[in-house]
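Working notes, structure below.
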Amino acid sequence: MINGTMNDKINIYLKELGLLLGEFVSKDGINATDIPSLQLFRASHASEPLHAIYEPSLLLIVQGSKIVTLAEEDYQYDPTTYLVTSVHLPITGQIITATPDNPYLCIQINFTMDQILAIVNELNEVGATKVDSSRGIVINKVNNELLDAVLRLIRLLNTPKDIPFLSPSIIHEILYRVLRDKQGDVIKQFALAGSHAHNVAKVIACINRDYSKKMRMGELAKKVNMSTSSLHNQFKKVTAMTPLQYQKRMRLQEARRKLFSESTDAATVSFQVGYESPSQFSREYARLFGLPPVSDINRLKDSLTTDSTLI
């Protein structure tokens, strides 16, 4: 539990959230819930840095703390803050505070840009000023109103029959609170057609859909009516990476997932994710993950289970 730097009401909300998660989460790792967009995570120990793909989502830590690294940038958050990602981002996450007696507990609520746009429409802010692109990841301070809505969502897990009727409106409120908070305008940009951030999000979707294909920046820029140089610059503002670096990370992380979960050799996987040379694949894989493919996967299988991806 956090100290006096937070007001008493926030501490009360966090305490109840911790008690509820203690009831609903009995094992370490990702725990699905009856609410499709809601996942709960538990970890009894601090972790080594682990690679993952963050989807558009709200992440709120109830106990413990974590560092998320995007490219070379670190974002640390804990129960005093929450994290929002607006696009798919390849990150490295490390839980830094967790014990068996006080495990790391985290709430993840996934969302879509259609949900964000619906709120923007209701607020009549579709014509709002479209600012320059910003990072697709932000951290804000928690507040009473957001925690109150999140707590009501978690309480629904005790009454499954209420979930189909009440969870959509509560999630709508949670996203409204996020958009009304600091940096809410940054998140809105990803839903506003014609904004640089929205265009970058469309390009990210194209890259993820066809990550194994050779990237043609001119074609991608044409799809979103941008110049190649402008797309390159705006893409880096959102992801902290160039489009080519982003594609490479997505390829390598997908290759790692395949090697871990499927009975496939490294050479075959290298071709599946778009590499023309298995030796180049092995070099770049080792550069990112610290070991060549076979050694890395053996290490992973010794230390991880399939449900222990960090959130």
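The values are calculated or read from the model by the stated rules, or taken from the named source; none is laboratory data. Fair warning: this is a prediction, and the values are worked out from it, not measured in the lab. Using ideal geometry, Cβ is built from the backbone for each residue, glycine included, and neighbour counts are taken over all protein chains shown.
For the reader, a short list of remarks on this structure follows.
- Filtered by the rule that a residue be outside any strand (DSSP E or B) and under 16 Å from VAL25 (Cα atoms), region 38-49 gives SER44, HIS45.
- Region 63-86, residues that are without any contact (Cβ under 8 Å) to a residue 60 or more places away in the chain, of a type in the set (A, V, I, L, M, F, W, C) and closer than 20 Å to LEU179 by Cα: LEU83
- Residue pairs whose Cβ atoms lie under 6 Å apart, sitting 6 or more positions apart in sequence or on different chains, and linking a residue in region 244-255 that is within 19 Å of VAL200 (Cβ to Cβ) to a partner that is modelled with pLDDT of 95 or more and assigned to a helix (DSSP H, G or I), are TYR246/THR239; GLN247/ILE207.
- LYS15 satisfies every condition listed in (1) without any contact (Cβ under 8 Å) to a residue 24 or more places away in the chain; (2) closer than 18 Å to LEU146 by Cα; (3) touching a strand residue (DSSP E or B) at 6+ places or on another chain (Cβ under 6 Å) except (3).
- Among the residues listed as LEU89, LEU40, the single one being modelled with pLDDT of 95 or more and within 19 Å of GLN183 (Cα to Cα): LEU89
- Across region 219-245, the qualifying residues are those that are outside any helix (DSSP H, G or I) and under 17 Å from SER86 (Cβ atoms), and the one among them that is farthest from the chain's Cα centre (by Cα) is VAL224.
Here is a yes/no grid of residues against (1) outside any helix (DSSP H, G or I); (2) free of Cβ contacts under 8 Å to residues at least 24 places away in the same chain; (3) among the aliphatic types (A, V, I, L, M):
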| position | (1), (2), (3) |
| --- | --- |
| ARG152 | no, yes, no |
| SER167 | no, no, no |
| LYS182 | yes, no, no |
| ILE187 | no, no, yes |
| GLY194 | yes, no, no |
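- Of the residues making up region 138-148, those that are surrounded by 20 or more Cβ atoms within 10 Å (Cβ to Cβ) and in a helix (DSSP H, G or I) number 2.
- Residues of region 199-218 satisfying the condition of being out of contact with any Phe, Trp or Tyr (no Cβ under 6 Å at 6 or more places or on another chain) and either of a type in the set (Val, Ile, Thr) or in a helix (DSSP H, G or I) (or both): ASN199, LYS202, VAL203, ILE204, ALA205, CYS206, ILE207, ASN208, ARG209, MET217, GLY218
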